[in-house]
1. If Ala84 meets every condition in (1) free of Cβ contacts under 8 Å to residues at least 40 places away in the same chain; (2) closer than 30 Å to Arg39 by Cα; (3) surrounded by 10 or more Cβ atoms within 10 Å (Cβ to Cβ) apart from one, which number is that one?
2. In the range 47-70, what residues are assigned to a loop (DSSP other than H, G, I, E, B) and of a type in the set (Asp, Glu)?
3. Which count do you get for residues in the range 107-130 that are on the phi < 0 side of the Ramachandran plot, more than 25 Å from the chain's Cα centre (by Cα) and not hydrophobic (A, V, I, L, M, F, W, C)?
4. For the range 27-46, give me each residue that is surrounded by fewer than 18 Cβ atoms within 10 Å (Cβ to Cβ) and not in a helix (DSSP H, G or I).
Amino acid sequence: MKEVGSGASQRQLREKLLEAARRREIDVVLVWRLDRWGRSVTDLLTTLEELDHLGVGFVSLTEALDLTTPAGRAMAGLLAVFAAFEREILRERVRAGLAHARQNGKKLGRPITAATKAGEVRVLHRAGVSKAEIARRLQIGRTSVRRILISKRA
């Protein structure tokens, strides 16, 4: 089995591999990097423990880890701890960057697009054009059209 993509939507292949391990159809799981197998430390450790319990070896090529040996298992534990530490540092940096941007008056989030067309929405609505047609003509969402028309009444 070969999993090329990443992300939550493509984890079915990993689950199929685990099912094959549970059926005792495989002896070793070979991955390119340790972080390609587990998305979190908890997930990584849980699946590695399950593989160990099933008697299935685990080898990571990039880190030269062979978890069939005691030294390999110890090293995997240390790598998992450092990976978690690295993610926490990254998370803190992102939060600090967002806070700094807010302090400097930077508007965060999706840019306002439909609100700039509020006048056109109201004119078309008064002319009897349906909300769906207004959305199509102005290339905005129907929900945005409804929101603009409701805010007019308030």
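Each reported figure results from applying straightforward, stated rules to the coordinates on display, with no laboratory input. Only a predicted model underlies this, so the values are computations on that prediction, with no experimental measurement involved. With ideal geometry, Cβ positions are generated from the backbone for all residues, glycine too; neighbour counts draw on all protein chains shown.
1. (1)
2. Start the filter on the range 47-70 by keeping residues that are assigned to a loop (DSSP other than H, G, I, E, B), which leaves 55-56, 61-64, 67-69.
Listed by number, the list holds a single entry, Glu63.
3. Within the range 107-130, the subset on the phi < 0 side of the Ramachandran plot is 107-108, 110-127, 129-130.
The next check asks that each one be more than 25 Å from the chain's Cα centre (by Cα); those that pass are 113-127, 129-130.
Imposing the further condition that a residue be not hydrophobic (A, V, I, L, M, F, W, C) reduces the set to 113, 116-117, 119-120, 122, 125-126, 130.
So the count comes out to 9.
4. At the first step, the residues of the range 27-46 found to be surrounded by fewer than 18 Cβ atoms within 10 Å (Cβ to Cβ) are 27-28, 30, 32-33, 36, 39-43, 45-46.
Correct list: Asp27, Val28, Leu30, Trp32, Arg33, Arg39, Ser40.
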